[in-house]
2 protein chains.
Amino acid sequence: MQLLFLGTGAGIPSKQRNTSSLALKLLEERGTVWLFDCGEATQHQILHTTLKPRKIEKIFITHLHGDHIFGLPGLLGSRSFQGGDELLEIYGPAGIQEFTETFLRISQTHLTYSIIFHEVQEGLIFEDETMEVEARLLDHVIPSFGYRITQKPLPPKLLIDEAVKKGVPKGPLLAKLKNGETVELEDGTVVKSEEVTSPAEAGFVVAILGDTRFCQAAVELSRGADVLVHEATFDTETQKLAKAYGHSSIYDAALTAHQAGAGTLIANHISARFLPEDAKTLANEALHVHPTIHIAHDFAEYEWHKNKKEIQKKKKERQ
Amino acid sequence: MQLLFLGTGAGIPSKQRNTSSLALKLLEERGTVWLFDCGEATQHQILHTTLKPRKIEKIFITHLHGDHIFGLPGLLGSRSFQGGDELLEIYGPAGIQEFTETFLRISQTHLTYSIIFHEVQEGLIFEDETMEVEARLLDHVIPSFGYRITQKPLPPKLLIDEAVKKGVPKGPLLAKLKNGETVELEDGTVVKSEEVTSPAEAGFVVAILGDTRFCQAAVELSRGADVLVHEATFDTETQKLAKAYGHSSIYDAALTAHQAGAGTLIANHISARFLPEDAKTLANEALHVHPTIHIAHDFAEYEWHKNKKEIQKKKKERQ
Ligand SMILES: [Zn+2]
Ligand SMILES: [Zn+2]
């Protein structure tokens with residue numbers, strides 16, 4: 001899993017930061033990419049990455065403000081233009097379907113694939129064998145959701161060398177052992193599953209939040225997450241404005257991470273008033289509250305290392 | 001007057017060319033800018049120019065394909081965000097108002113200014129003391145308009161030194177002479193307007209066309225224009241595709257300019273299959289049909305020199 005930030009600005013694009021979009025790359029896990037928000041020119045940002053629009057399986061919209069959705073028309077069109085024919089599922093607040101259908105109809109955009117819309121309510125919004133996604137309503141000026149993405153524990157792996165050592169023959173007994181069962185060999189030896197398998201591995205938990213004030217829902221949604229992606233439109237000096245405008249400061253974001261017992265905090269939705277060189281200062285303002293803070297920039301990519309249960313910034317690979 | 005090309009690509013954005021948008025800068029003429037089409041990320045392109053969104057007085061949409069309108073939501077929002085409070089007028093095919101109002105409503109974008117929509121029909125769509133705009137339906141796969149922008153002749157200028165030489169006193173007689181009247185001085189001398197004024201100067205005529213096949217309407221709309229901005233999605237080799245897809249080749253564009261007796265042809269809406277280094281070859285393919293051809297690139301700017309009645313490319317000033 002990697003998190004590739006496509007747009008990390010707030011409100012309107014600047015030369016440094018585009019409006020919101022974040023790709024959760026699940027290429028190893030499921031061969032696809034999930035997109036969170038789609039500000040204008042997200043498809044333009046994608047041109048500078050290795051992402052393929054047709055690999056986008058799901059798009060989650062946190063809220064309907066323009067800086068989070070105005071790139072959707074163009075991206076859907078390009079996904080089609082470039083030969084995408086796989087189903088796309090779009091999750092978002094009520095209104096996302098009307099928005100999408102209106103611009104497709106008026107621009108006479110005929111897609112080569114189908115879209116299923118899910119108008120999001122709080123609770124479990126997606127689950128399959130490997131992943132689940134939970135949504136919670138945050139505290140913004142319009143309905144704004146946070147999403148908690150949980151990778152289910154990875155099944156135990158069969159340690160084939162160990163099994164051979166114990167005398168387990170190739171065939172159905174191996175499958176039973178892999179599935180957690182205890183088996184008896186022909187010579188009467190009993191072999192337990194845990195003797196010949198590695199333990200199940202925990203998956204990752206990532207919480208990706210829409211625009212929000214500091215709120216208890218954000219803390220609960222982020223509980224114990226390995227990674228928390230949280231907006232930080234303001235700094236501690238402008239803390240009061242954050243509340244007034246329905247946003248968070250970097251302090252609020254750190255407090256949420258701290259109270260949730262989350263791992264790495266990655267702050268995005270950074271106001272254009274902060275220059276790239278301010279990122280370090282911004283992070284420093286909140287390190288006393290939460291020890292691991294990154295300020296995301298456009299094209300920043302973070303990679304999940306499952307053995308260390310930790311996410312790390314990759315070297316910049318802008319193309 | 002200057003023509004600043006913000007997006008010169010076709011269909012989808014590439015790293016070299018954004019989707020369609022063209023600014024007609026009328027800063028000297030009326031202190032404003034008129035925008036023709038607004039593909040996605042037009043506001044991002046504007047960030048690299050000296051254009052101010054609040055200076056945009058009118059937006060003309062040629063047709064409703066996504067590569068010509070998907071930047072409208074963001075641009076309208078940013079014009080507001082940056083303190084624009086002057087009325088904006090939007091001209092375009094039926095549907096442009098519903099498109100705009102739907103995304104404003106769903107994204108809860110509250111603009112600081114009013115918009116007047118004009119759903120375009122063929123004929124004169126705008127006229128005031130200095131300018132007029134005529135629209136004509138072209139031949140594309142959906143209704144697509146061309147716009148002919150005519151600057152009215154500039155009024156004669158009073159040659160004050162000549163008037164003084166003839167003994168005309170300061171005051172109302174000068175105003176009469178400026179207005180074309182003949183006056184009699186106190187000493188009985190008769191002074192004619194043309195003796196103390198420069199002749200009225202012709203204004204410019206620019207035709208800016210939407211996507212189209214070669215068609216007679218395009219020729220008529222461009223009749224005698226000083227500048228013709230015409231799409232050239234294809235080259236002569238792919239000429240047949242142009243017709244099939246409702247587009248033009250560079251040859252079609254040149255033929256239109258030739259048959260219309262137009263001045264400079266500036267080709268835009270260039271397919272991503274042509275690389276920047278192909279521009280010269282592309283122009284060369286049609287120079288035998290029309291002698292003055294430019295292939296526009298993003299941020300190319302052309303300046304009107306009224307004394308020479310000619311438009312010339314400015315040095316690139318990308319910021
Ligand atoms: Zn936002
Ligand atoms: Zn087009």
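Descriptive notes on the structure:
- Residue selected from region A:177-216 under the condition among the aliphatic types (A, V, I, L, M) and surrounded by fewer than 17 Cβ atoms within 10 Å (Cβ to Cβ), by the criterion nearest to ligand 2 (Cβ to nearest atom): A:202
- Selection over region A:27-44 of residues that are touching a residue at least 60 places away in the same chain (Cβ under 8 Å) and either touching a Pro at 6+ places or on another chain (Cβ under 6 Å) or more than 24 Å from residue B:73 (Cβ to Cβ) (or both) gives a count of 2.
- Here residue A:277 meets the list (1) surrounded by fewer than 13 Cβ atoms within 10 Å (Cβ to Cβ); (2) part of a loop (DSSP other than H, G, I, E, B) almost entirely, failing just condition (2).
- Of all residues in region A:129-162, those being of a type outside the set (A, V, I, L, M, F, W, C) and either within 16 Å of the chain's Cα centre (by Cα) or closer than 13 Å to residue A:61 by Cα (or both) number 12.
- Looking across region A:216-248, the residues that are in a loop (DSSP other than H, G, I, E, B), touching a Ser or Thr at 6+ places or on another chain (Cβ under 8 Å) and either at pLDDT 95 or above or within 13 Å of ligand 1 (Cβ to nearest atom) (or both) come down to A:222, A:226, A:232, A:233, A:246, A:247, A:248.
Yes/no matrix, rows are residues, columns are (1) more than 15 Å from the chain's Cα centre (by Cα); (2) surrounded by 22 or more Cβ atoms within 10 Å (Cβ to Cβ); (3) over 17 Å from residue A:89 (Cα atoms); (4) away from ligand 2 (no atom under 16 Å from the Cβ):
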{"residue": "A:7", "(1), (2), (3), (4)": "no, yes, yes, yes"}
{"residue": "A:10", "(1), (2), (3), (4)": "yes, yes, yes, yes"}
{"residue": "A:17", "(1), (2), (3), (4)": "yes, yes, yes, yes"}
{"residue": "A:23", "(1), (2), (3), (4)": "no, yes, no, yes"}
{"residue": "A:30", "(1), (2), (3), (4)": "no, no, no, yes"}
{"residue": "A:40", "(1), (2), (3), (4)": "yes, yes, yes, yes"}
{"residue": "A:48", "(1), (2), (3), (4)": "yes, no, yes, yes"}
{"residue": "A:53", "(1), (2), (3), (4)": "yes, yes, no, yes"}
{"residue": "A:65", "(1), (2), (3), (4)": "yes, yes, yes, yes"}
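- When residues in region B:234-251 are screened for being within 13 Å of ligand 2 (Cβ to nearest atom) and either away from every other protein chain (no Cβ under 14 Å) or on the phi > 0 side of the Ramachandran plot (or both), 5 of them pass.
The values are calculated or read from the model by the stated rules, or taken from the named source; none is laboratory data. Nothing here was measured: the structure is a model prediction, and the numbers come from that model. Note: ideal-geometry Cβ built from the backbone for every residue, glycine included; neighbour counts use all protein chains shown.
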